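Below is one structure, written out as structure tokens; the observations come after it.
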Amino acid sequence: MSYSDSSNDGAWRNQGGVPHHAFDPLTEPELFRGVLTRRIFAFLIDVVIISVPVIFGYLFIAVFGLVTLGLGWLLFWLAWPAAVIWAIVYYGASMGGAHSATLGMRVMDLELRTWYGAPGYFVLGAMHAVLFWVSISFLSPLVLLVGLFNSRRRLLHDFVLGTVIINSSVRNPVAQPARTF
């Protein structure tokens, strides 16, 4: 049996082959409205969240070095790798969590989804952060230009990973509180 001898209109596995895109910008443009601007602000919020524990870690090592007469300053060589690991764990755990969003993304009503609509998971969130930092280090702010020229407002690392960032408030509208008179 060859690949074309299937009864599923050319698809020989999975009852139809590859799933379609879950989010169509033509039928649901509100999912992508303002996403790039919100992503920038979510990124800035996340940078603050990531940097606060790192700053406290550096301050602790500095004070510890004073108390131990300079011996504690040997821990400074651990601070940078610990900061990188902390950032990867933060992005992986938050994007792989129940909300599929970092804290900054949640504040800005954004969530990460795969191109076929599935929520994020730890490895996807961690790789999303790593590819973002790699692409931003080579392309500087030019990485944002990619999002201006596609209807889903995806950036370069979104294309590589097959992810989409959407407005979560459109998908999950917040219920209005009951009025009490």
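Remarks
- Qualifying residue in segment 63-76 (condition: free of Cβ contacts under 8 Å to residues at least 40 places away in the same chain, within 30 Å of residue 164 (Cβ to Cβ) and polar (S, T, N, Q)): no
- Of all residues making up segment 19-28, the number that are in contact (Cβ under 8 Å) with a residue 60 or more places away in the chain and either open to solvent by 80 Å² or more (accessible area, probe 1.4 Å) or closer than 25 Å to residue 83 by Cβ (or both): 3
- Any hit, segment 47-56, residues being in contact with a Leu (Cβ under 8 Å, 6 or more places away or on another chain) and modelled with pLDDT under 95: no
- Segment 29-52 residues that are open to solvent by 60 Å² or more (accessible area, probe 1.4 Å), paired with ones that are hydroxyl-bearing (Ser, Thr, Tyr) (beta carbon under 7 Å, 6 or more apart): none
- Contact annotation: residue pairs with Cβ atoms under 7 Å, 6 or more positions apart or on different chains, pairing a residue in segment 110-135 that is closer than 18 Å to residue 42 by Cα with a partner that is assigned to a helix (DSSP H, G or I) and of a type in the set (Phe, Trp, Tyr), are 125/91; 126/91; 128/91; 129/91.
- There is no residue in segment 65-75 that is surrounded by 14 or more Cβ atoms within 10 Å (Cβ to Cβ) and hydroxyl-bearing (Ser, Thr, Tyr).
- Test for residue 97: is it surrounded by fewer than 20 Cβ atoms within 10 Å (Cβ to Cβ), modelled with pLDDT under 95, within 17 Å of residue 32 (Cα to Cα) and small (Gly, Ala, Ser): no
The values are calculated or read from the model by the stated rules, or taken from the named source; none is laboratory data. Everything numeric in this text was worked out from a predicted model, so none of it was measured. Virtual Cβ from ideal backbone geometry, glycine too; neighbours counted across all protein chains shown. Note: accessible area is taken over every heavy atom of the protein model, side chains too, but ligands, DNA and RNA are not part of it. Shrake-Rupley method; radii C 1.70, N 1.55, O 1.52, S 1.80 Å.
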